[in-house]
Amino acid sequence: MRDLAENLAVLDTLDAEQRANAEYDGGEVDLADYGYPRKILVCISVGAISATGTLNIDIESADTSGLPHANTDVSLNEMAAVGHQYYEYKPTRRYINIEAVVANDTVDFAVILIMEHCRFGNRGSDD
């Protein structure tokens, strides 16, 4: 019997740290390696937010490789609450990436994309 860690794949991350005014991109993920289209759990952890800091997070996608991606599938704007937030996302294109924009000051945050790992040719879609 496999344990939970063997059945999940971490697709992309923006590691936890304090970030100032800028745009931050995770790496491009080719979902063909993971048996897409499967649902993805988007995990966002927000720590300290400066008095005027804002955080916007987008999950972007494309049918062909190469950043930046033209399509925004998920847009989480003006995140201001400290804590953890989770979103379910089912991609419709082969390539995805995380884009985060910090404006006005600093925000401590992390983003992780987790997908059920497809094993042994079980490459069907889920609903």
Theoretical gain in end-to-end length, His117 to Asn104 [0.36 nm per residue, Cα-Cα removed]: 0.9 nm
Segment 1-110: relative contact order in percent, alpha carbon pairs under 8 Å with at least 6 residues between: 44
Label-point separation in nm, His84 to Asn7, each point 7 Å along Cα→Cβ: 1.9
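If I stretch the segment between Asn21 and Thr52 completely, what's the gain in nm (0.36 nm per residue apart, minus their alpha carbon distance), one decimal? Don't skip to the answer; put the middle values down first.
Numbers: separation 31, 0.36 × 31 = 11.16 nm, distance 1.11 nm.
Gain in length upon complete extension: 10.1 nm.
Based on the Cβ-Cβ distance of Leu67 and Asp33, what FRET efficiency does E = 1/(1 + (r/R0)^6) give at R0 = 25 Å, to the nearest 0.05?
Details: r = 17 Å, r/R0 = 0.69.
Here the calculated transfer efficiency is 0.90.
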Among (i) 1.24; (ii) 1.10; (iii) 1.15, the entry that matches Cα Rg over 2.2 N^0.38 Å as calculated here: (ii)
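Read-outs: derived from the displayed coordinates by stated rules, not from any lab. No experiment lies behind these values; they were computed from the predicted model shown. Don't worry about glycine lacking a Cβ; one is built from the backbone with ideal geometry, like all the others, and counts go over all protein chains shown.
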